[in-house]
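Visitor: Sharing a structure here in structure tokens format.
The values are calculated or read from the model by the stated rules, or taken from the named source; none is laboratory data. Remember, it's a predicted structure, so these values are computed and weren't measured experimentally. Reconstructed Cβ throughout: ideal geometry from the backbone, glycine too, with neighbour counts over all protein chains shown.
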Amino acid sequence: MSRPHQKEKVLRLYGCFLKCYPQGYRQAFGSQMLQTFKDHYSDVVELDESAATRFWVAVVSDEVRGILREHFIALKERTSMNTTWIKQGLLFGVLLGIIHIAYDLILNLAPANATLNSLFNNGILLVVLIFCGIAGYAAAHKTGQMKTGTYAGLFTGAMSIVIGMSALFVITFVFMDVIRQNAFMLYDFHRSGLKSIDQFIVEDAMGAAFVGTLFSLLAGGIVGTLGGYFGRAVKERRLAW
Amino acid sequence: MKAVEDVTPLTPAVFSILFSLATGEKHGYEIMKQVKQDTQGKIKMGNGTLYGSLKRMLSDELIEDAGEKIDQDSERRKYYCLTELGRKALQAEMQRYLETVLLIQKRQLLPGLSVKVVYE
């Protein structure tokens, strides 16, 4: 077999080792590793063919260790990244959930007041946006990855909606008597044309749950991504500085 | 920015790579050869070990990418050089080694060892 042909085969064989490394590592160092291997092979085996066995034993043992180590490190990094967005989502989701509970209690049990109602409705929307954004920012700032911001925002929205909506249904059934007396509820009930106010109250809660879920998930995804963008940018700027 | 205390003591592989880069920027295979030469063949660094260490050293800011160059054989190679932190970490580690050698001498742990250090 001619030398260039053999070298080509050897490089293809080494390329198989490179394919076993994690993708990010391979993209960063694959071509350099192939070049270094080529230099090393030319220096050792092409000058002294009797050294081939020793050379390959060393290469295989080093590459196997390297591949295992890099996969372990990549797994650890992934785990740590997942833990970060779950932690941020959980923290801000629970806080937002508590605010949702307060909102449900005030809106359903306090005497009807148009100004306050409008203030609370707009306020809760703003709070959802802020919390999802901060969760996204914090997660991306820690990991340096924008996508963890999206996940943290989404998880915050989902977590808060689970808490908030569960609370809404509990409040609805426990305080049905009080809610029946709510002036706004009575006004909306008369306009709805339904025969039973209890049925109207439950349907109203279900509507709120549907709209709330949709808004929280949308806001979580979008604002979490935006927060993630800023979190990553600030981290990168700080590192560069 | 990281401090020297955050990155020291160095592992033997990292120390050898920093030591090889102390005389100037090098590409992967040059580092590999220099390490082998500096350690009289006691440390033979394979590709996997070398690039795994380079990756961690880049993220620890001990070394940095010095750009790509086309060498005499028309091959394009990426070069690495020490950062300020890398230089300080290497100095701190060499100082530690030197203090150990002086202690070995003082306690006569290696009979016949004679080292004299003159600080300017």
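Visitor: Find the residue count for region A:4-29, including only residues that are under 20 Å from B:Arg77 (Cβ atoms), under 29 Å from the mean Cα position of the chain (by Cα) and more than 8 Å from chain B (Cβ to nearest Cβ).
Guide: 3
Visitor: May I pose another question? Just name the residue that is nearest to A:His5 (Cα to Cα) out of those in region A:17-41 that are in contact (Cβ under 8 Å) with a residue 12 or more places away in the chain and of a type in the set (Ser, Thr, Tyr).
Guide: Per the stated criteria, the residue is A:Tyr41.
Visitor: Is it the case that some residue within region A:143-165 is in a helix (DSSP H, G or I), among the basic types (Lys, Arg) and within 14 Å of chain B (Cβ to nearest Cβ)?
Guide: Within region A:143-165, none of the residues are in a helix (DSSP H, G or I), among the basic types (Lys, Arg) and within 14 Å of chain B (Cβ to nearest Cβ).
Visitor: Can you find even one residue in region A:52-62 that is of a type outside the set (A, V, I, L, M, F, W, C) and in contact (Cβ under 8 Å) with a residue 60 or more places away in the chain?
Guide: So far as region A:52-62 goes, no, none of its residues is of a type outside the set (A, V, I, L, M, F, W, C) and in contact (Cβ under 8 Å) with a residue 60 or more places away in the chain.
Visitor: Please verify whether region A:41-51 includes one or more residues that are more than 21 Å from B:Glu30 (Cα to Cα) and not assigned by TED's automatic domain parsing to the domain that holds A:Ala208.
Guide: Yes: one or more hits.
Visitor: Only one of these is at pLDDT 90 or above and surrounded by fewer than 18 Cβ atoms within 10 Å (Cβ to Cβ): A:Leu226, A:Leu214. Name it.
Guide: A:Leu214
Visitor: Here is a further query. Can you give me the number of residues within region A:166-185 that are within 19 Å of A:Asn121 (Cα to Cα) and assigned to a helix (DSSP H, G or I)?
Guide: Qualifying residue count, region A:166-185: 10.
Visitor: Would you please list the contacts, defined by Cβ atoms under 6 Å and residues six or more apart or on different chains, that run from a residue in region A:196-214 that is farther than 16 Å from A:Phe173 by Cβ and in the same structural domain as A:Met185 (by TED's automatic domain parsing) to a residue that is modelled with pLDDT of 90 or more and surrounded by 15 or more Cβ atoms within 10 Å (Cβ to Cβ)?
Guide: Close Cβ pairs satisfying both conditions: A:Gly212/A:Ile161; A:Thr213/A:Ile161.
Visitor: Let me ask another. Answer with yes or no whether A:Gly97 is within 14 Å of another protein chain (Cβ to nearest Cβ), part of a helix (DSSP H, G or I) and in contact (Cβ under 8 Å) with a residue 24 or more places away in the chain.
Guide: No, not satisfied.
Visitor: Another question, then. Can you tell me which residue in region B:57-101 is modelled with the lowest pLDDT, limited to those that are under 20 Å from B:Thr11 (Cβ atoms) and of a type in the set (Phe, Trp, Tyr)?
Guide: Going through the qualifying residues, I end up with B:Tyr97.
Visitor: Related question: State whether one or more residues within region B:82-102 are of a type in the set (D, E, K, R) and part of a loop (DSSP other than H, G, I, E, B).
Guide: No, region B:82-102 contains no residue that is of a type in the set (D, E, K, R) and part of a loop (DSSP other than H, G, I, E, B).
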